[in-house]
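A.B. asks: Below is a structure I'd like to ask you about.
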Amino acid sequence: MLYKVYIDDSGSRNYENPYSKDFVVNPPDTDKYLEYWRKNYFVLTGVRVSLSHIDNINTEINNLKTKFFKTNNVEIKSDWLRNPYKRKNKYLDPYKISEEMLNNFGNKLFDLISSNNKELKIISVVFDKRCYGDRKRNMIDGDPLAKSSQILFERIHYLGGKNTVIFDQMDSSLKINRGDNKIVFKIYKENNCMKQLYVENFSSIIDVSPANSSKENFLQIADLCGYPIYRQFVHFGRQWGNPDFKIKPYPYFEKLWGNFVSIKEKVRGIGLICVPNIHKKTPQK
């Protein structure tokens, strides 16, 4: 079967906090040091959909946009939906809609995603930067974007089928040989000199290329799915994985739970992966 996988990132790709083993052994309090945790996590999220379902779901998205904005030619970004200034300048003023209508649209869009949980499947990699020491941070295996891309491609590979990967451009141009675009493409083509290899050749992936999210509904969906995952880890750390949510999750993260790729209802390590696994590995020097 043929699939497309749309990928977007959340959080910073750079190391902004200094390394300290104590941050791993005795994590800083979330409420007191929220900014630390905002800078700590990088999330790469893929939304996989079969070609046989793309047109129908795309029509649903366009119909929902038209209902609220009177046009489907509107780009949806999680940051624009949240930030008061951007809400006003990107949606409220241009389309003459109210705060209540915009909130309603956001909820309806998440309902659309969750109602298509059999067709829109999420694979997300969360990179925990505090676990990487100074030496590792200067290696390709410690690069948040490179390592997350490698793991995401592995999971796509193991799902089988033939997958075309489309990622939101990570450089100022759509050229595959520049900047962060090049990092992602080199992971696909040659694993970019990664030391820990589980898949030598991503044979289930037939192409990887960047695209502009303003022209692609499913990249916008990947952005919307990635942000609640990022927020879940920022606020609750590694306390996740139970479908009954004994620890109350970030609300929109909970809405997406049925969309994650899973095996026998297990999501942890399959559709949602956090690296490194601190229960198996010591902090990486």
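None of the figures in this text is laboratory data; all of them are computed from the coordinates on show. Being a predicted model, the structure only gives us computed values, none of them experimental. Note that we place each Cβ from the backbone using ideal geometry, even for glycine, and neighbour counts take in every protein chain shown.
A.B. asks: Per the Kirkwood treatment, what hydrodynamic radius in Å, one decimal, follows for segment 1-75 from the mean inverse distance over all distinct Cα pairs?
C.D. replies: It works out to 16.2 Å.
A.B. asks: Then there is this: Taking other Cβ within 10 Å of each residue's Cβ, how do Lys195, Lys129, Lys162 sort, fewest first?
C.D. replies: Lys195, Lys162, Lys129
A.B. asks: OK, next. Take the cross-link list Lys4/Lys77; Lys39/Lys136; Lys67/Lys88; Lys86/Lys175; Lys129/Lys186; Lys4/Lys39 and give me the ones stretching past 24 Å between alpha-carbons.
C.D. replies: Lys86/Lys175; Lys4/Lys39
A.B. asks: How much FRET efficiency would the formula 1/(1 + (r/R0)^6) give for Asp171 and Arg38, where r is the Cβ-Cβ distance and R0 is 22 Å, rounded to 0.05?
C.D. replies: 0.40
A.B. asks: Here is a further query. For segment 57-171, take every pair of Cα atoms, bin their distances at 5 Å starting from 0, and report each bin as a whole percent.
C.D. replies: Percent of Cα pairs in each bin: 2, 9, 14, 15, 14, 14, 13, 10, 6, 2, 0.
A.B. asks: Something else about it: Put +1 on the Cβ of each Lys and Arg and -1 on the Cβ of each Asp and Glu in segment 2-275; which of Leu256, Ser203, Ile54 then has its Cα farthest toward the positive end of the dipole?
C.D. replies: Final value for the positive-end residue is Leu256.
A.B. asks: To continue, here is another question. Mind giving me the nanometre distance, one decimal, between the label points for Leu197 and Ile54, set 7 Å out from Cα along Cα→Cβ?
C.D. replies: 3.0 nm
A.B. asks: Looking at segment 1-99, which trypsin sites (Lys or Arg not before Pro) are in a loop (DSSP not H, G, I, E or B) and have at most 13 other Cβ atoms within 10 Å?
C.D. replies: Qualifying residues, ordered by number: Lys32, Lys70, Lys96.
A.B. asks: In addition: Which of Trp80, Trp37 has the fewest other C-beta atoms within 10 Å, and how do the rest follow up to the most?
C.D. replies: With the fewest neighbours first, Trp80, Trp37 line up as Trp80, Trp37.
A.B. asks: Oh, and also: What translational D, rounded to a whole number of µm²/s, comes out for segment 155-223 from Stokes-Einstein when the hydrodynamic radius is the Kirkwood one over Cα pairs, at 4 °C and 1.567 mPa s?
C.D. replies: 100 µm²/s
A.B. asks: Just want the answer: with Cβ charges of +1 for Lys and Arg and -1 for Asp and Glu, which residue in Gly160, Ser213, Gly271 is farthest toward the dipole's positive end in segment 2-275?
C.D. replies: About the Cα centre, the residue reaching furthest to the positive side is Gly271.
A.B. asks: Could I have the simple spin-label model distance between Asp111 and Asn62, label points 7 Å from Cα toward Cβ, reported in nm to one decimal?
C.D. replies: Label at Asp111, label at Asn62, 2.2 nm between them.
A.B. asks: If you put +1 on each Lys and Arg Cβ and -1 on each Asp and Glu Cβ, how big is the dipole of segment 2-275 around its Cα centre, in Debye rounded to 20?
C.D. replies: Its charge dipole is roughly 120 debye.
A.B. asks: Right, here's the next one. Could you give me D for the chain, from Stokes-Einstein at 10 °C and 1.306 mPa s, where the hydrodynamic radius is the Kirkwood radius over C-alpha pairs? Units µm² s⁻¹, please.
C.D. replies: 81 µm²/s
A.B. asks: Looking only at Cα atoms, what is the convex hull volume of segment 162-271 per residue, in Å³?
C.D. replies: It comes to 148 Å³ per residue, whole-number rounded.
A.B. asks: Here's another thing I want to ask about it. Return the percentage of antiparallel bridges among DSSP beta bridges fully within the chain, rounded to the nearest 5 %.
C.D. replies: Percentage antiparallel, nearest 5: 50.
A.B. asks: Charges at C-beta only: +1 for Lys and Arg, -1 for Asp and Glu. How large is the resulting dipole of segment 87-194 about its Cα centre, in Debye rounded to 20?
C.D. replies: Dipole about the Cα centre, nearest 20: 220 debye.
A.B. asks: Among His53, His157, rank each residue by its count of other Cβ atoms within 10 Å, from fewest to most, as a rough exposure measure.
C.D. replies: Lowest count first: His53, His157.
A.B. asks: Using a Förster distance of 35 Å, how high is the FRET efficiency between Arg238 and Tyr95, based on the Cβ-Cβ distance and rounded to 0.05?
C.D. replies: That gives a FRET efficiency of 0.35.
A.B. asks: Explain nothing, just the number: dipole magnitude of segment 29-80 about its Cα centre with +1 on each Lys and Arg Cβ and -1 on each Asp and Glu Cβ, in debye rounded to the nearest 20.
C.D. replies: Dipole magnitude for segment 29-80 comes out near 120 debye.
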